[in-house]
Amino acid sequence: MSRILGIGVDIIDVARIDRAANRWGDRFLKRLYTQGELAYCRERSFPAEHLAARFAAKEATMKALGTGWTSNVAFKDIEVVRQGSERPQIELHDEVRRTLPTNLTLHVSLSHTHVLATAFVVAALESEPSLNSASTREKHHDQIH
């Protein structure tokens, strides 16, 4: 069972990201995206759509965590990862991960067209397994005896 800590949603104009990337180049891109994110997006037919979706995911994650833009949370501390055809996932890095509960799970959904990109993030606190489950009883039994 889990408890929702927060939700976040963001939508962005793909052209806005495309214009910034064209104007500022790697200076802009490397400030917001990890090497892995850049590699993934650059492999796509329309990189700006994927960059915009990841930007939206980072914003939505900040909203779900309740941090907003602060000096403690950098865009590169929030990474959208995807292995092959698996669904995208959020990985938190550095100080951000250390300041959050260890039982925090982030769920993300991304969508984009040539015009807009959006992301929805749910931050949930996973509860401990019930004491009635066999594995938990064994774990507590081993700790007591």
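Every residue, every condition in (1) part of a helix (DSSP H, G or I); (2) touching a strand residue (DSSP E or B) at 6+ places or on another chain (Cβ under 6 Å); (3) without any contact (Cβ under 8 Å) to a residue 40 or more places away in the chain; (4) of a type outside the set (D, E, K, R), yes or no:
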| site | (1), (2), (3), (4) |
| --- | --- |
| Gly8 | no, yes, no, yes |
| Arg16 | yes, no, yes, no |
| Ala20 | yes, no, yes, yes |
| Arg23 | yes, no, yes, no |
| Arg27 | yes, no, yes, no |
| Ser45 | no, no, yes, yes |
| Glu59 | yes, yes, no, no |
| Val73 | no, no, yes, yes |
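The set of residues from segment 68-83 being under 13 Å from Gln35 (Cα atoms) and in contact with a Ser or Thr (Cβ under 7 Å, 6 or more places away or on another chain) comprises Lys76, Ile78, Glu79. Of all residues in segment 85-128, those that are assigned to a loop (DSSP other than H, G, I, E, B) and charged (D, E, K, R) total 3.
For the residues Val121, Val108, Val96, the requirement of being at pLDDT 95 or above and either small (Gly, Ala, Ser) or in contact with a Leu (Cβ under 9 Å, 6 or more places away or on another chain) (or both) singles out Val121.
Summed over segment 29-53, residues that are of a type outside the set (Ser, Thr, Tyr), closer than 13 Å to Asp77 by Cβ and open to solvent by less than 40 Å² (accessible area, probe 1.4 Å) total 2. Could you check segment 73-86 and list, in sequence order, the residues that are within 20 Å of Lys30 (Cβ to Cβ) and not aliphatic (A, V, I, L, M)? Selection gives Phe75, Lys76, Asp77, Glu79, Arg82. Contact annotation: residue pairs with Cβ atoms under 6 Å, 6 or more positions apart or on different chains, pairing a residue in segment 109-125 that is without any contact (Cβ under 8 Å) to a residue 60 or more places away in the chain with a partner that is open to solvent by 30 Å² or more (accessible area, probe 1.4 Å) and assigned to a strand (DSSP E or B), are Ser109/Phe120; Ser111/Thr118. Being in contact with a Gly (Cβ under 8 Å, 6 or more places away or on another chain) and either small (Gly, Ala, Ser) or open to solvent by less than 60 Å² (accessible area, probe 1.4 Å) (or both) is the filter here, so list the residues in segment 63-118 that pass it. Answer for segment 63-118, where residues must be in contact with a Gly (Cβ under 8 Å, 6 or more places away or on another chain) and either small (Gly, Ala, Ser) or open to solvent by less than 60 Å² (accessible area, probe 1.4 Å) (or both): Ala64, Leu65, Gly66, Glu79, Val81.
The values are calculated or read from the model by the stated rules, or taken from the named source; none is laboratory data. No experiment lies behind these values; they were computed from the predicted model shown. For neighbour counting, all protein chains shown are included, and Cβ atoms are generated from backbone atoms with ideal geometry for every residue, glycine included. Just the protein is used for accessible areas: all its heavy atoms, side chains included, with ligands, DNA and RNA removed. Shrake-Rupley method; radii C 1.70, N 1.55, O 1.52, S 1.80 Å.
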